[in-house]
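*Asks:* If you scroll down you'll find the structure; I have some questions about it.
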Amino acid sequence: MKNYPNVHILDHPLIRHKLAIIRDKNTNTKQFREIIEELATLMAYESFKDVPTQEIEVETPLEKTTQTVVKENSIAIVPILRAGLGMVNGILTLFPAAKVGHIGMYRDEETLTPKEYYCKLPAGIENKVVMIVDPMLATGGSAADAITLLKKRGCKKIKLMSIIAAPQGVEKVAKEHPDVEVYVAHLDRDLNEHGYILPGLGDAGDRIFGTK
């Protein structure tokens, strides 16, 4: 696959360790859900390294000093329903004041194209750094469409975080939205004829919510 400057593979021993657990078909729902959140926290640490900041004055027990803090009301998290919900709490661990929106899309099983059915976004989202989250970046259709939707709403600083990606999905988003930074924990081999990532981990939504 071609190298894209806006695509970042967050390779780390802890991430690899946790990926091994969630790929295992024998990992139960509770553990799968917990590790998805943990991976989101680890990935957020790196993907928000350019988060907006501001200087404030604090007083230590010894003297006053100037410190750097995350700028208030600067972050929004937008999960693509439903699997993206599993990553939200992991990011909120680091940014508890972040606003959360929701975009609902489903994949047409015949054409594998995404269809939007729901969108609810925080007020003033156009002025925030928006992180779209979805555990699996397969064909890239849902992610690319979600980014387009946010751009139509005036959002200028958009990021995408997915745990596992296929080359097809990465290339689609990178080409259609070169201004969007894409963060993935692992780039897998390919898609099968049903649009599932190989080797992947199965259906992330079903495994997070225990519906299969």
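*Asks:* Can you list the strands (runs of 3 or more DSSP E) found entirely within the range 11-104 that contain at least 2 residues being without any contact (Cβ under 8 Å) to a residue 40 or more places away in the chain and open to solvent by 70 Å² or more (accessible area, probe 1.4 Å)?
*Replies:* On the way: elements: 53-59, 64-70, 75-81.
Counting at least 2 such residues, we get 53-59, 64-70.
*Asks:* Has the range 113-127 got any residue that is under 14 Å from residue 182 (Cα atoms) and within 18 Å of the chain's Cα centre (by Cα)?
*Replies:* No, the range 113-127 contains no residue that is under 14 Å from residue 182 (Cα atoms) and within 18 Å of the chain's Cα centre (by Cα).
The values are calculated or read from the model by the stated rules, or taken from the named source; none is laboratory data. Quick caveat, the model's predicted, so the values are computed rather than measured. Here the Cβ is made from the backbone with ideal geometry for all residues, glycine too, and neighbour counts use every protein chain on show. The area values use the complete protein model at the heavy-atom level, side chains included, leaving out ligands, DNA and RNA. Shrake-Rupley method; radii C 1.70, N 1.55, O 1.52, S 1.80 Å.
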